[in-house]
Amino acid sequence: RFYAHADGGSSNTGYFTASGTVAYVCYTPENTTLAFYYDNKIGSRPGGIYTIEGHEPGIPMWHWDYPYVTKAVIDPSFANYRPTSTNGWFYDMPYLKSITGIQYLNTIEVTDMSDMFDGCSSLPSIDLSGFNTANVDRMFGMFENCHSLTRLDLGTFNTANVNTMTRMF
């Protein structure tokens, strides 16, 4: 895992591609924004940074360090990344009010979407029309405690392979 702080401290354990690209999350406290990238600019981003590859199963580390996120941005570069899990990516972010660029989240290889938006109690809407859920096996608690959601269209969701939908809503 590559992990860096705004103070410049970092370590690299090999999650870079030959071109130097890596999937990572960057939190900037000044504007309480969590941004998702897949590029070779990790060293130039401000704030706290976590790579996505290699994190332990379950809720990702950025959640524990940055609970005050108000905005999430998925950069166009992220469209080239293929995560296998989005488990807890926005878990228990009660101040999160918007997610922009979600169309750049390629879910074709995702098998676990558990708790992805659980606890996003200020999020009024999410456009998931571009999600490919054909390989998803777990959607446990995906939208649990999303009290402000006024509209959620899951008409494009393919749930044929889903085994766990407990507490999805």
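The values are calculated or read from the model by the stated rules, or taken from the named source; none is laboratory data. Please read all numbers here as calculations on a predicted model, not as lab measurements. Ideal geometry is used to build each Cβ from the backbone, glycine not excepted, and the neighbour counts take in all protein chains shown. The accessibility values were calculated without ligands, DNA or RNA, using every heavy atom of the protein model including side chains. Shrake-Rupley method; radii C 1.70, N 1.55, O 1.52, S 1.80 Å.
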Inset, instruction - Would you please put 33-39, 154-160 in order of how densely packed they are, using the mean number of other Cβ atoms within 10 angstrom per residue and starting with the highest? - result: 33-39, 154-160
Inset, instruction - Go ahead and collect, in residue order, the members of the stretch 122-141 whose backbone nitrogen is under 14 Å from a label point 7 Å along the Cα-Cβ direction of residue 98. - result: 123-127
Inset, instruction - Subtract the Cα-Cα distance of residue 129 and residue 161 from 0.36 nm times their separation in residues, and report this length gain in nm to one decimal. - result: 9.7 nm
Inset, instruction - Give me the accessible area per residue for the stretch 25-169, probe 1.4 Å, as a whole number in Å². - result: 46 Å²
